[in-house]
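The block underneath contains the structure these notes are about, expressed in structure tokens.
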Amino acid sequence: MTSSPATLSLRPWRQEDAEAVLTAFGTPEMTRQADEPVDSPAAAADWITRRTRDRDLDRAYAFAVTDENGTPLGNVAVGAVNRTHATGWVSYWTTPAARGRGVAAYGCAALARWCFDELALHRLELAHRTNNPASCAVAHAAGFAVEGLQRQKLAYDGVRYDVELHARLASDVVPGTYL
């Protein structure tokens, strides 16, 4: 079942969200997404603290994608914010229970709109392994156009993976996205 955009929203992460962060990073595919291991309540709280610090330093902005009750279902973030070139790098993940419900697509589209309106960014980029069709679907649903292939960019467990690059410009007309 796809979530309704009317029931979803973005908000900065809070310390009381640590349990949701710990749950999300408890899955095998998420362990390599963390800048540091998120394997305890204290580590989850530290993850949130780092997101807050990055926001305060104007270098990255992370948001919880929440349901109508304020429960975190996922994360969307823009990092590598470059004010000179007005660019940023988008990343996203969802909790296991939220996967396949449109949460990441809504979050990425809402984040893009926020970046263009509030940060005055012009270009947002994101990428995914080519063997991850779900992530590709998120990028398309959020209005990010394919720009190319980065051959063997990532290495996990001794295996090299190609990565598909997507981008969205503030000037893009993106029909059919949530925002």
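Read the figures in this text as sums done on the coordinates, not as results from a lab. These numbers were taken from a predicted model, which means no experiment stands behind them. Don't worry about glycine lacking a Cβ; one is built from the backbone with ideal geometry, like all the others, and counts go over all protein chains shown.
Okay, helix-only estimate at 222 nm for the chain: each DSSP H run of n ≥ 4 adds -39500 (n - 2.57), divide by all residues, round to 500 deg cm²/dmol; what do you get? Working shown, then result.
On the way: 5 runs with 52 residues, N = 179.
Computed ellipticity for the chain at 222 nm equals -8500 deg cm²/dmol.
At a Förster radius of 35 Å, what calculated FRET efficiency corresponds to the Cβ-Cβ distance of A155 and D117, to the nearest 0.05?
0.45
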Using alpha-carbon positions, the gyration tensor of region 18-176 gives root eigenvalues a ≥ b ≥ c; with a/c under 1.5 called rounded, otherwise prolate if a/b exceeds b/c, else oblate, the class is rounded
Distance in nm between A86 and R59 label points, each 7 Å along Cα→Cβ, equals 2.4 nm
Scoring the chain by relative contact order with C-alpha pairs under 8 Å, at least six apart, yields a percentage of 18 percent
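Filter the trypsin sites (Lys or Arg not before Pro) in region 1-104 to those in DSSP coil with at most 10 other Cβ atoms within 10 Å of their Cβ, and list the result.
Working: sites: R14, R32, R50, R51, R53, R55, R59, R83, R99, R101; in loops: R14, R32, R59, R83, R99, R101.
Answer in residue order: R32.
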The size of the Cβ-based charge dipole (Lys, Arg +1; Asp, Glu -1) of the chain about the Cα centre, to the nearest 20 debye, is 360 debye
The farthest towards the positive end of the charge dipole of region 5-169, of the residues L22, A64, A142, given +1 on Cβ of Lys and Arg and -1 on Cβ of Asp and Glu, is A142
